[in-house]
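J.: The structure under discussion is supplied below as structure tokens; questions concerning it will follow.
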Amino acid sequence: MKNFKLGLVINPIAGIGGSVALKGSDGDGVAEQAKALGAIAKANARAALALEILLPYQANITIYTVAGEMGEQTAKALGFATQVIYQPDSEQTTALDTEQAVQALMAQEVDLLLFAGGDGTARNVCHIVGDRFPVLGIPAGCKIHSGVYAITPKAAGRVVELMVTNQLVSLTDADVMDIDESLFRQGVVKAKRFGEMQVPSELRYIQAVKSGGKESDELVLQDIAADIIARMDDELFIIGSGSTTAFLMEELALSNTLLGVDAVCQQELISNDLTEPELWQLLKQYPQDKVKLVITLIGGQGHIFGRGNQQLSPRVIRAIGKDNILVIATKTKLNALQARPLIADTGDSELDIDLSGYIAVITGYNDQVLYPVASPQ
């Protein structure tokens, strides 16, 4: 087995705004605002999950990376042979640091560029790499619309493992997509294609480009909404993000946060766009048997936790309880997964396992199907 040269770039603030309802980390001052609200950066922890898959092959891997939190710390902490090829000018890293680091890694002729971030990070990488060099994304941001990301951090590690062990892996062109975060914070989805990059393709592990927009079959959505509304009594209903849950809120004539979490009781709005700490405090006011969580899946990908709803932290999910989670989706959306399971990627491996198994998905009025949920692989 030859020595594998793995390039690694981590955007250390990717997704930092997710748990405090800021919808991402893009924009001047957003990361500082998120930290002031108590948000904790998780990109390095997500990258570590991918690299841990490669620990059995340490002797055959050298990681070429960036100083500090942009890769060096995580690679060295796991015991990999590490070469630092770029040093940021300050502790507060920028998009320019990502682009200059990628340029330096390409000059080292690494076998694969592995990067952790969200769609903004993918755009930075694409600006330098284009479609000339194999890359793979570790999902760590709030917005993961691009097809250059593995479905989970561990899945990214599995793809690299295939390459390190010299198994045949096809290269596929995948779209780099992003949305305007400033508009998204106002509830407007405006996505744009920014290019494409080459990714090692293994269908079990690489995600589809996110399906956006509202469901076209309004009659089915009305039936799903009617089912949930009929269940509403004196319980607290936590409404997760997504276009399907947004339709439910429209049927209730309540304002909705497209990429956020809202609270409803007795069909009246309690609060919009709750942060994780706000959710935690709200849950303390209700016994567990008086709380329901309504979530949907990301179209084309199947995530029910871990994408776009980071306010739903492991402690929040545990406080609600698995039996109080209501998953809603049309059968069309489920069929589009082509038998792939739903994914619970909460960042807590024990909780992911607890959430695994079959779950009833509400697909219409008094209509449910059993569908498998899997933890990240």
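Please treat every number below as a calculation from the coordinates, not as lab data. Quick caveat: nothing in here was measured; it's all calculated off a predicted structure. Because the Cβ atoms are built from the backbone with ideal geometry, glycine has one as well, and the counts that use them run over all protein chains shown.
J.: What is the sum of charges around residue 176, taking Lys and Arg as +1, Asp and Glu as -1, for the other residues whose C-beta is under 9 Å from the C-beta of residue 176?
T.: With Lys, Arg at +1 and Asp, Glu at -1, the net is -2.
J.: Give the cross-link partners of residue 192 among the aspartates and glutamates, using a straight C-alpha distance below 17 Å as the criterion and excluding same-chain residues fewer than 8 apart.
T.: Filter leaves 26, 119, 173, 175, 178, 180, 181.
J.: What do you get when you divide the Cα radius of gyration of the range 218-374 by 2.2 N^0.38 Å, with N the number of residues? Each step should come with its number before you reach the end.
T.: Numbers: Rg = 14.2 Å, N = 157, 2.2 N^0.38 = 15.0 Å.
In units of the globular-protein estimate, the range 218-374 measures up at 0.95.
J.: Related question: For the range 74-131 and the range 246-298, what is the separation of their C-alpha centers, rounded to whole Å?
T.: Going from one Cα centre to the other spans 38 Å.
J.: Using Cα pairs under 8 angstrom and six or more residues apart, how large is the relative contact order of the range 218-374, in percent?
T.: Relative contact order, the range 218-374: 23 percent.
J.: For a quick check: sort 175, 345 by the number of other beta carbons within 10 angstrom, fewest at the front. Let's see the in-between values first.
T.: Numbers: 175 16, 345 24.
The fewest-first ordering by Cβ neighbours comes to 175, 345.
J.: Among 313, 255, what is the fewest-to-most ranking by other Cβ atoms within 10 Å?
T.: With the fewest neighbours first, 313, 255 line up as 255, 313.
J.: Also, quick follow-up: Would you mind classifying the range 50-159 by shape? Square roots of the alpha carbon gyration tensor eigenvalues, ordered a ≥ b ≥ c; an a/c under 1.5 is rounded, otherwise it is prolate if a/b is larger than b/c and oblate if not.
T.: In terms of gyration-tensor shape, rounded.
J.: Can you tell me, using C-alpha contacts under 8 Å and at least 6 residues apart, the relative contact order of the range 267-336 as a whole percent?
T.: After rounding, I find 42 percent.
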